[in-house]
1. On alpha carbon coordinates alone, what is the Rg over Rh value for segment 483-564, Rh being the Kirkwood radius?
2. Can you give the Rg/Rh ratio of segment 567-669, where Rg is from the C-alpha atoms and Rh is the Kirkwood radius?
3. Determine the shape class of segment 336-457: with a ≥ b ≥ c the square roots of the Cα gyration tensor eigenvalues, call it rounded for a/c under 1.5, and otherwise prolate if a/b is greater than b/c, oblate otherwise.
4. Which loop-located GluC sites (Glu not before Pro) does segment 448-542 contain, where loop means any DSSP state but H, G, I, E or B and the Cβ has at most 14 other Cβ atoms within 10 Å?
5. In whole percent, what relative contact order does segment 486-528 give with Cα contacts below 8 Å and a gap of six or more residues?
6. Please report, as a whole percent, how much of the solvent-accessible surface of the chain comes from carbon and sulfur atoms (probe radius 1.4 Å).
7. Just list whichever of LYS360/LYS667; LYS335/LYS405; LYS280/LYS335; LYS177/LYS577 have alpha carbons separated by over 23 Å in the model shown.
8. Counting Lys +1, Arg +1, Asp -1, Glu -1, what net charge surrounds HIS422 among other residues with beta carbon under 15 Å of its beta carbon?
Amino acid sequence: TDLRPLDILSEAVPAGGPARGMRVFQAQGVLGFQLSASRPRALGFPASRLFIHCDRFPEEFSIIVTLRLLRRPAKVRAAGRARCGPRPAPQVRAPGLPQRNEYIFTLMVEESPGVLVGLRYAPDKLHFLFWSQERAGGWQTRVTFPNVSLSDNQWHTLILAVSGQSFSLTVDCSIPKDVVVETPFPASLSVRRASFYLGNRRRRKGVFTGLLRQLVLLPGADATPRICHTVNFKVATLSVPTVLQDVPAKPVSNEVLKYPYETDMKVTLGARPRCSKQEKAQFWFNASRRGLYLCNGSTWLSMLEVQHRLDYVEEYQNLVTNSETMGVEVFTIPKVGLFAAMANRITPPGSAIYRWTDGKFVHYQNIPTYQAQSWKYFTIGKKIFLAVANFAQNERGQEFSVIYKWSRRKAKFITYQRITTHSARDWEAFVIEGEAFLAVVNHREGNNHNIDSVIYRWNPRTGLFEMNQTIPTSGAYDWEFFTIGPYSFLAVANTFNGTSTKIYSHIYIWLSGSFQLFQSILTFGAADWEVFHIGDRVFLAVANSHSYDSGMPAPSNFYAINSSIYELNITAQMFVKFQDLLTYSALDWEFFSVGDDSFLVVANSFDGFTFSVNSIIYRWQGYEGFVAAHHLPTVGCRDWEAFHTAEGSYLFYSSAKEPLSKVLKLKTT
């Protein structure tokens, strides 16, 4: 039976606002209750207010909790002592930090110290408690879920599903943790003369010190399908008290807020400040642009500013390069500046790195490369790296791609690690569960296009990348890593299997310590994947370069072919085709935004007759999808990069057919 949710948290909140012992607090733009330890009984109410027609706790049910716990610091221990020296100082725990055991809620009978039903959090563990009357006098059973790390200052949504001897915990819609115990949850648990208590067990000890946003009991059903249908899993809701549903608006005139709340918000004025983990959730007001920005831990996100709209694109800088350029990587080195690494085809002189100086890119460093195809910038801790994908052998007949490390002393990139590759096309760097990875696309070995591409894992002990997993690929061109909620994905663009470009490209999902096949999509000489978000929607665009099959009649034009945009269907748990766009040997997609508008620009490289082909900027127009907005003359366009400076927004395109790349400026109104 699809029974209605029983909102325990809302039942504890009076109609006029929070009860005594409850304060509304805002964290990361989300409201929650902070509970007081001084009056634990005040945070309770009779169970009969929820169980109106029956005084029995449901036999099968789910409990949904959304909470935020403070990060637990490392324990402070005294240093070692001599044999006869004084005793070491005791361990120190700062006040207000999570205790050893904190109760999220309990259900207790009047004047009885036992817990009928309860949920308790300990460091890295979650305990579900229930009273079993199968044994004489009753017995409390504890079901423990280990390795549940919630004390990280982040919001999390927990779903505990109970049915007989089976208990399942889902955190942020990730893979469920299943536990089977000997003692089943009772089929007939009386709640007569019992009361619910929020964040405590009717005592001051063990009071919940975090923020509580949602606490719901759903009888007779596993709530996971009802909760896990949105991209923002960590604050997914089934039922939330009215007072927590919206951040209160600023009062006008002499009005006051209906529900007072507190926040740890700080606003910085002046020049652009640093945005790191220390500044996360802090605001910066840019007076010159009349904008308010929020730090997400790495970049400043626009919250409120005068919105600009793209008017037209103008030529800003012609950059003469060492040779034809197969790819460009734009990146920022903190406290140093903005750079662009060009993957140049001819060796010598190799590839060049340019630095943004006085509003232009100026040559900064040359690096020996061998038909370089692309660069990838990434960081590991404080280390800064730049990896090049070399397509050809060096002078000694060796085929390496190289990782370079930024030397702060020399202020340039120096060789760090060489990795054997086979006609490498692309590098992708990413982090999963705190571990750093680097994936290379191997295009072919000799005339064999069906070879393995390799994923390397960073070994912090040796300070090197080591082989972790191989994935079969076919003439592959590109990797694209992305995350959706708690899940990590890696998409490969397969281009040619030796006889045809009409082959499947694959999307892999990280499960149980490795990438496993998630979905296969038919592509036509796929050269690039681009993932992007518009609101809560997730899209994946493929650039199809040409259609060729040795066993089929030749088409009228190999290169005039649709490239496709796919959208994630959460219900079906797969990407489904959203839109086809006619392209001409497309080699790259780049997503960017101007104000509230979203855009895609495609690198059209060849139309079957000439390399002088217009590349097109498409504007997102909702129900219409992407609509052509600007046609940009390009020559053998290979790669697009969007970047921003204090002076404005730009597009950078590289040409694979002439030693000239261009920086275009986006003019706005």
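The values are calculated or read from the model by the stated rules, or taken from the named source; none is laboratory data. Since the model is a prediction, treat every value here as computed from it, not as a measurement. A quick note on method: Cβ atoms are made from the backbone with ideal geometry, for glycine too, and the neighbour counts reach across all protein chains shown. Calculation scope for accessible area: heavy atoms of the full protein, side chains included, ligands and nucleic acids excluded. Shrake-Rupley method; radii C 1.70, N 1.55, O 1.52, S 1.80 Å.
1. 1.06
2. Numbers: Rg = 15.0 Å, Rh = 14.8 Å.
That ratio is 1.01, to two decimals.
3. Because a/c hits 1.5 or more and a/b fails to exceed b/c, segment 336-457 counts as oblate.
4. Details: sites: GLU466, GLU480, GLU530; in loops: none.
Within segment 448-542, no GluC sites (Glu not before Pro) qualify (loop, at most 14 other Cβ atoms within 10 Å).
5. On the way: 84 pairs, mean separation 17.8, N = 43.
In percent, rounded to a whole number, it is 41.
6. Carbon and sulfur: 50 percent of the exposed surface of the chain.
7. Check vs 23 Å cut-off fails for LYS177/LYS577.
8. -1
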